[in-house]
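Read-outs throughout are calculated quantities, based only on the coordinates presented, and are distinct from any laboratory measurement. Since this is a predicted model, take the numbers as computed values, not measurements. Glycine gets a Cβ as well: all are built from the backbone with ideal geometry, and neighbour counts include every protein chain shown.
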Amino acid sequence: MIKKILVSQPKPSSEKSPYYDIAARHNVELVFRPFIKVEGISSREFRSQKISLPEFTAIVFTSRHAIDHFFQLCKELRFNVPDDMKYFCITEQVALYIQKYVQYRKRKVFFGSSGKFADLVPLMVKHKTERFFVPVSDVHTDEISKALDEKNLQHKEGVMYRTVSNDFSGDEPFDFDMVIFFSPSGIQSLLKNIPDFEQGKIAIGTFGPTTAKAVKDAGLRLDLEAPSPQYPSITAALNAYIAEANK
């Protein structure tokens with residue numbers, strides 16, 4: 001029986017979130033609490049990478065976190081971002097978020113259509129004379145670097161933020177029937193916070209193949225995995241799982 005579920009993400013800002021429909025439909029309690037959080041690095045740490053921001057003519061943003069920490073570091077470094085700087089964003093949602101910091105102009109903001117970096121590269125190739133800077137997390141793959149090298153684009157990646165465990169307090173109860181994870185870092189955080197964690201009857205659900213693999217690698221039982229051909233979203237998969245478990 002599933003009655004209380006921990007969703008390791010921030011609480012949805014919209015009341016129309018499918019999570020709230022699930023809670024009402026199945027009479028379950030949903031607790032939203034990220035296992036990880038993102039922190040910016042210091043200007044001193046950034047300087048140690050020996051990156052000169054004035055050298056670049058275009059910035060590549062893969063998330064809103066990247067935007068926040070890029071402009072925060074620019075402020076700390078007293079680097080005034082030129083008005084003619086171009087921005088290449090992984091999605092339109094990320095592109096629109098730039099308005100928080102600079103005036104949005106279509107002639108200097110470009111974005112992909114699918115959320116996959118490979119689909120953003122052709123746009124960058126059209127501007128191959130630009131010198132691209134990519135703000136990244138301390139934990140990142142070489143996917144971006146390889147994709148840009150293949151097209152002979154001038155680029156540099158620089159760490160501007162890090163992912164850290166969002167620790168539980170000592171008196172915080174862990175009384176959940178199910179936990180939903182969205183990244184391998186979330187699994188690591190769980191085991192860091194609860195070293196003697198015993199899964200028992202606690203169901204574990206994941207979104208994304210790397211997160212599913214992390215659960216299995218940790219020796220835990222994976223009860224729900226999304227996306228799948230039948231359930232493309234985590235909420236659709238969760239809805240079906242609870243309906244079956246609570247028959």
Margin query: Helix-only estimate, please: 222 nm mean residue ellipticity of the chain, summing -39500 (n - 2.57) across DSSP H runs of length 4 or more and dividing by its residues, to the nearest 500.
Written below: -9500 deg cm²/dmol
Next item on the list: Could you work out how far the C-alpha centroid of segment 131-155 sits from that of segment 53-114, in angstrom?
Entry: 16
Item checked: Separation of the S48 and K156 label points, Cα + 7 Å toward Cβ, nm -> 1.8
Note to self: 5 Å is the cut-off here: which amide hydrogens, built 1.01 Å from N in the peptide plane, fall below it relative to F111, excluding neighbours closer than 5 in sequence?
What the structure shows: C89
Margin query: Taking 8 Å as the Cα distance limit and 6 or more residues as the minimum spacing, I'd like the relative contact order of the chain as a percentage.
Written below: 22
Check: Going by a ≥ b ≥ c, the root eigenvalues of the Cα gyration tensor, does segment 1-87 fall in the rounded group (a/c under 1.5), the prolate group (a/b larger than b/c) or the oblate group?
Finding: prolate
Notebook entry, point to check: If you put +1 on each Lys and Arg Cβ and -1 on each Asp and Glu Cβ, how big is the dipole of segment 39-163 around its Cα centre, in Debye rounded to 20?
Noted result: 420
Note to self: If you scale each eigenvalue of the Cα gyration tensor by 5 and take the root, what three semi-axes come out for the chain, rounded to whole angstrom and sorted largest first?
What the structure shows: 38, 20, 17
Notebook entry, point to check: Which value, in debye to the nearest 20, describes the size of the charge dipole of the chain about its Cα centre when Lys and Arg Cβ atoms bear +1, Asp and Glu Cβ atoms bear -1, and nothing else is charged?
Noted result: 900
Notebook entry, point to check: Among T163, L73, T141, whose Cα lies farthest out toward the positive end of the dipole of segment 39-163, if unit charges sit on the beta carbon of Lys, Arg (+1) and Asp, Glu (-1)?
Noted result: L73
Next item on the list: Provide the descending list of Cα extents for segment 39-163 along its principal axes, expressed in whole angstroms.
Entry: 34, 31, 26
Checklist line | Around I5: net Lys/Arg minus Asp/Glu count, Cβ-Cβ under 14 Å | finding: +1
Check: Label-point separation (nm) for K11 and V164, each offset 7 Å from Cα along Cα-to-Cβ?
Finding: 2.4
